[in-house]
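J.: Supplied in structure tokens, the structure appears directly below.
The values are calculated or read from the model by the stated rules, or taken from the named source; none is laboratory data. What you are looking at is a predicted structure, and each value in this text was computed from that prediction instead of being measured. Every residue, glycine among them, receives a Cβ derived from its backbone with ideal geometry; neighbour counts consider all protein chains shown.
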Amino acid sequence: MARKTYIDDTAIVHPTAEIGEGSMIWNWTKIRERAVVGVDCNIGQSAYVDFETRIGDRCKIQNGVSVYHGVTIGNDVFVGPNATFTNDLRPRAHAEDWQIEKTIVEDGASVGANSTIVCGVTLGRHCMVGAGAVVTADVPPHALVLGCPARVVDYVTMAGHRLHVSPADGLPDSDRLNDKKLQGS
Ligand SMILES: CC(C)(COP(=O)(O)OP(=O)(O)OC[C@H]1O[C@@H](n2cnc3c(N)ncnc32)[C@H](O)[C@@H]1OP(=O)(O)O)[C@@H](O)C(=O)NCCC(=O)NCCS
């Protein structure tokens, strides 16, 4: 049976945007020109998906999140409520030639509520950004980062459990990280 796609009556989805099968677009959310949202995603209330951005499959983008042009989101990504992406490193209201700084969120990453992702970084696969963190540098795969500026404090498994290891020891063995298999991996 085909999975049902739901677009709330109050959402504005541009006719050129692609919404994957089984995805849900909730109240007062805007999906702009040529944006692509994968299958089985949940895009919460009052979210904004900028033109030509890509969100992968099975993502959860919570209420109040803006995915600006230049931000690319992989599969199985969780973005917590009111997390903030950016795309202009040195903003000026009067600048006429500002450049987009890209941000990449790799598969399986989670971004905590109310965190800020300063543009130009990659959030590595299955990493976890703690609530309220300000990310200013690349986050390694499976790393847990906290604070302002965000620092690696630990590593987390596929399922999101902390391993309580020293960040100085680097990425733990895959046996310890792979406690869950994701669809499509
Ligand atoms: C980072 C996180 C995963 C840590 O969980 P945890 O291991 O259970 O953490 P604990 O509650 O045991 O706290 C451990 C320490 O980290 C601190 N801490 C926890 N979360 C923190 C955060 N986001 N930023 C800074 N410090 C944090 C605690 O204060 C505690 O410090 P202490 O040892 O000095 O007392 C969790 O706190 C978090 O931020 N999750 C994201 C929640 C979220 O945004 N969800 C979105 C969907 S609603």
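J.: Any chance you could count how many residues in region 31-83 are part of a loop (DSSP other than H, G, I, E, B), within 19 Å of residue 123 (Cα to Cα) and either of a type in the set (Ser, Thr, Tyr) or modelled with pLDDT under 95 (or both)?
T.: Within region 31-83, residues that are part of a loop (DSSP other than H, G, I, E, B), within 19 Å of residue 123 (Cα to Cα) and either of a type in the set (Ser, Thr, Tyr) or modelled with pLDDT under 95 (or both) number 2.
J.: Go through (1) in contact with a helix residue (DSSP H, G or I) (Cβ under 9 Å, 6 or more places away or on another chain); (2) surrounded by fewer than 18 Cβ atoms within 10 Å (Cβ to Cβ) one by one and return the number of the condition residue 155 breaks.
T.: Of everything listed in (1) in contact with a helix residue (DSSP H, G or I) (Cβ under 9 Å, 6 or more places away or on another chain); (2) surrounded by fewer than 18 Cβ atoms within 10 Å (Cβ to Cβ), residue 155 misses just condition (2).
J.: Under 9 Å between Cβ atoms, which residue pairs at least 6 apart in sequence (or on different chains) link something in region 92-113 that is assigned to a loop (DSSP other than H, G, I, E, B) with a partner that is within 16 Å of the ligand (Cβ to nearest atom) and among the charged types (D, E, K, R)?
T.: 107/76; 108/76; 109/76
J.: Checking the conditions here, which among 118, 153 is at pLDDT 95 or above and away from the ligand (no atom under 16 Å from the Cβ)? Spell out how you get there, then give the answer.
T.: Details: 153 fails: away from the ligand (no atom under 16 Å from the Cβ).
The match here is 118.
J.: Of all residues being of a type outside the set (S, T, N, Q) and in contact with a strand residue (DSSP E or B) (Cβ under 7 Å, 6 or more places away or on another chain) in region 74-101, which is farthest from the ligand (Cβ to nearest atom)? Just the residue, please. Lay out the reasoning, then the answer.
T.: Let us first name the residues in region 74-101 that are of a type outside the set (S, T, N, Q), namely 74, 76-81, 83, 85, 88-98, 100-101.
Going one step further and asking which of them are in contact with a strand residue (DSSP E or B) (Cβ under 7 Å, 6 or more places away or on another chain), we end up with 74, 77-80, 83, 85.
Numbers: 74: 18, 77: 12, 78: 7, 79: 9, 80: 3, 83: 8, 85: 15 Å.
Here the residue is 74.
J.: Pairs needed: first member in region 1-23, under 14 Å from residue 38 (Cβ atoms); second member anywhere, small (Gly, Ala, Ser) and crowded, with 16+ Cβ neighbours inside 10 Å; C-beta distance under 6 Å; at least 6 residues apart or different chains.
T.: 3/22; 5/23; 17/35; 20/38
J.: How many of the residues in region 129-147 are farther than 12 Å from residue 177 by Cα, part of a loop (DSSP other than H, G, I, E, B) and more than 9 Å from the ligand (Cβ to nearest atom)?
T.: The total comes to 4.
J.: Only residues that are assigned to a loop (DSSP other than H, G, I, E, B) and either crowded, with 22+ Cβ neighbours inside 10 Å or of a type in the set (Val, Ile, Thr) (or both): list them for region 114-128, please.
T.: Result: 115, 118, 121, 126, 127.
Conditions (1) in contact with a helix residue (DSSP H, G or I) (Cβ under 7 Å, 6 or more places away or on another chain); (2) aromatic (Phe, Trp, Tyr); (3) in contact (Cβ under 8 Å) with a residue 12 or more places away in the chain, marked per residue:
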site: 85; (1), (2), (3): no, yes, yes
site: 141; (1), (2), (3): no, no, yes
site: 146; (1), (2), (3): no, no, yes
site: 164; (1), (2), (3): no, no, no
site: 184; (1), (2), (3): no, no, yes
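J.: Scan region 43-57 and report the pairs whose first residue is over 22 Å from residue 100 (Cβ atoms) and touching a residue at least 24 places away in the same chain (Cβ under 8 Å) and whose second residue is in a loop (DSSP other than H, G, I, E, B) and among the hydrophobic types (A, V, I, L, M, F, W, C), with Cβ atoms within less than 9 Å and a gap of 6+ or a chain change.
T.: 44/26; 44/65; 57/39; 57/41
J.: Among (1) touching a strand residue (DSSP E or B) at 6+ places or on another chain (Cβ under 8 Å); (2) at pLDDT 95 or above, there is one condition residue 172 misses while meeting the rest; what is its number?
T.: All conditions pass for residue 172, except number (2).
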